[in-house]
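Q: Please read through the structure below; I'll follow up with questions.
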Ligand code: SF4
Ligand code: SF4
Ligand code: FES
């Protein structure tokens, strides 16, 4: 099967170019296996990966135009020639390895931890099963970045717009019955950029390998803001 | 618009005006389809009715506000140089205000003539 892989060496190349590889495909082969095979053919080829089972979130790449985790993308589902590029809109460090610092900075900016005003109880803070259920579809995010780097609004303003990943996380803490910083969190999301650059394009939903729905989370945030404003 | 209100307020404004524009356009289409006015005199009398006049004025203002939020969104997304963005925003405001004034004066003229 033919693979076209984006190559870029900052010391040598002015801009990325595509290089062709021929890889023998076996039953159940995942895209990560193909990338490893390509690395066997050309040791200078660089890409990130670790767990190999869709848990660590390190091997997000752009495959035939969509952002995917290589390790859980069956090669059999892909149309040849398979074009593999780094995440769009991110500065390329080398080949498929991109600089995700802005993505992490946006994550950090939503203060992804529980904030308590009340003194901490002796033991754990209890939640009812219903309260716990509100976190389903939110806490599973593995920070792979497939969503934010598929979001046009994030491409244009990665420094000012939080992007779908960070906004999903913002809602994960707003929705948490144990968190007591609702007003502070909502205030921090005001203004034309941080939240409101989202135009409900839904590229993020399509991209998420964990089946999460950042667009819906963003809708919940806007609704909560509205409720608190009137 | 204060900095603090520029996100949520713009968004709510966009939704609310969209709703009104939709409803008014439907009503307008209904009238034009089922009970269209014949001749200028009937048109003029229609708009001279205070209720219709006010509803039309709200319609005009809604379109202008809706256009403003939409164009502002596009400019914020795509026009990065601050000077150029401010100039374009100013031009859009001038254009929209001009449209609004022109539309309002025709509504007023209808009542005078
Ligand atoms: S829905 Fe919003 S966050 Fe998701 S891709 Fe579209 S603009 Fe980005
Ligand atoms: S929301 Fe989905 S696509 Fe986005 S970072 Fe989390 S797991 Fe990845
Ligand atoms: S290697 Fe860990 S998610 Fe793919």
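Q: At what distance in nm do the modelled label points of residue A:122 and residue A:229 sit from each other, each positioned 7 Å from its Cα along Cα→Cβ?
A: Reported label-point gap for residue A:122 and residue A:229 is 4.5 nm.
Q: So, one more: Taking the Cβ-Cβ separation of residue B:13 and residue B:33 as r and a Förster radius of 35 Å, what is the calculated FRET efficiency to the nearest 0.05?
A: It comes out at approximately 0.70.
Q: Restricting to Cα pairs below 8 Å that are 6+ residues apart, what does the relative contact order work out to for chain A? Please round to a whole percent.
A: Relative contact order comes out at 18 percent.
Q: Regarding the stretch B:1-76, what's the average projected area of the Cα-atom convex hull, expressed in nm²?
A: 6.3 nm²
Q: Right, something else. Using only Cα atoms, locate the centre of the stretch A:152-226 and the centre of the stretch B:70-89, then give the distance between them in Å, rounded to an integer.
A: Centre-to-centre (Cα) distance: 23 Å.
Q: If the stretch B:32-76 were replaced by its equivalent ellipsoid, with semi-axes equal to the square roots of 5 times the Cα gyration tensor eigenvalues, what would those be, largest first, whole Å?
A: 31, 12, 8
Q: So, one more: Give the span of the stretch A:2-98's Cα atoms along each principal axis, as three whole-Å numbers ordered largest to smallest.
A: In descending order, the Cα extents are 38, 28, 24 Å.
Q: If you take the alpha carbon radius of gyration of the stretch A:130-230 and divide it by 2.2 N^0.38 Å, what ratio comes out, to two decimals?
A: Against the empirical 2.2 N^0.38 Å value, I get 1.01 for the stretch A:130-230.
Q: Based solely on its DSSP helices, what 222 nm [θ] is calculated for the protein assembly as shown when runs of n ≥ 4 H residues each add -39,500 (n - 2.57) and the sum is averaged over all residues, nearest 500 deg cm²/dmol?
A: The per-residue figure over the protein assembly as shown is -16000 deg cm²/dmol.
Q: I would also like to ask the following. Average the reciprocal distances over every distinct pair of alpha-carbons in the stretch A:75-186, invert the result, and give the Kirkwood radius in Å.
A: So the Kirkwood estimate lands at 16.4 Å.
Q: If you fit an axis through the alpha-carbon atoms of helix A:163-174 and take the longest principal axis of the Cα set of chain A, what angle between them do you get, 0 to 90°, nearest 10?
A: That helix lies at roughly 30 degrees to the long axis.
Q: In nm, give the distance between the simple-model label positions of residue A:39 and residue A:111, each being 7 Å from the Cα along the Cα-to-Cβ direction.
A: 3.9 nm
Q: Moving to a separate point now. Can you tell me the orientation of helix A:31-41 relative to chain A, as the angle in degrees between its alpha-carbon axis and the longest Cα principal axis, to the nearest 10?
A: 40 degrees
Q: Using only the Cα atoms of the protein assembly as shown, what are the Rg and Dmax in Å?
A: Reported Rg and Dmax, both Å: 26.4, 86.
Q: If I model a spin label as a point 7 Å beyond the Cα along the Cα-Cβ vector, how far apart are those points for residue A:99 and residue A:51 in nm?
A: 2.8 nm
Q: How high is the relative contact order of the stretch B:3-112? Use alpha-carbon pairs under 8 Å, at least six apart in sequence, and give a whole percent.
A: This gives 37 percent for the stretch B:3-112.
Each reported figure results from applying straightforward, stated rules to the coordinates on display, with no laboratory input. Remember, it's a predicted structure, so these values are computed and weren't measured experimentally. All Cβ positions, even for glycine, are placed from backbone atoms using ideal geometry, and neighbour counts span all protein chains on display.
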